[in-house]
Ligand SMILES: [Zn+2]
């Protein structure tokens, strides 16, 4: 199989798909993103809930990496010594903002020792 340009769809959840990023069940009647594509000859489908989607859009707008967004956030927190630009927070969903703030706090707690 040759690599294909991924297709991106926004879908209404039926309540039985799991987000590939936070591994929570995507609640029924909320919208989420489905990306289908062929990478390295392998067909894959990725589901991303609206919370994790807001994170990807704010921090990694040109990235096609999936199932790693929170690892990437952690990396950029470390690379920026815990500094996240204020306007990034503003574009996140409430849940995603809370999680990013928790991670920043973890980072500062860790770096105290
Ligand atoms: Zn998610």
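Where a number appears in this text, it was derived from the coordinates with a stated rule and is not lab data. If you're wondering where the values come from, they're calculated on a predicted model, not measured in any experiment. Cβ sites come from the backbone with ideal geometry, for glycine too, and all protein chains shown count toward neighbours.
Computed values, structure above
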quantity	calculated
Inter-label distance for residue 62 and residue 88, nm, one decimal - labels placed 7 Å from Cα along Cα-to-Cβ	1.7
Convex hull volume per residue for region 4-111, taking Cα atoms only, in Å³	109
Degrees between helix 50-59 axis and first principal axis of the chain (Cα, 0 to 90, nearest 10)	70
Helix-only [θ]222 nm of the chain, DSSP H runs n ≥ 4, -39500 (n - 2.57) each, per residue, nearest 500	-12000 deg cm²/dmol
Cβ-Cβ FRET estimate between residue 95 and residue 45, R0 fixed at 22 Å, reported to 0.05	0.45
Computed lengthening from residue 11 to residue 34, 0.36 nm per intervening residue step minus Cα-Cα distance	7.6 nm
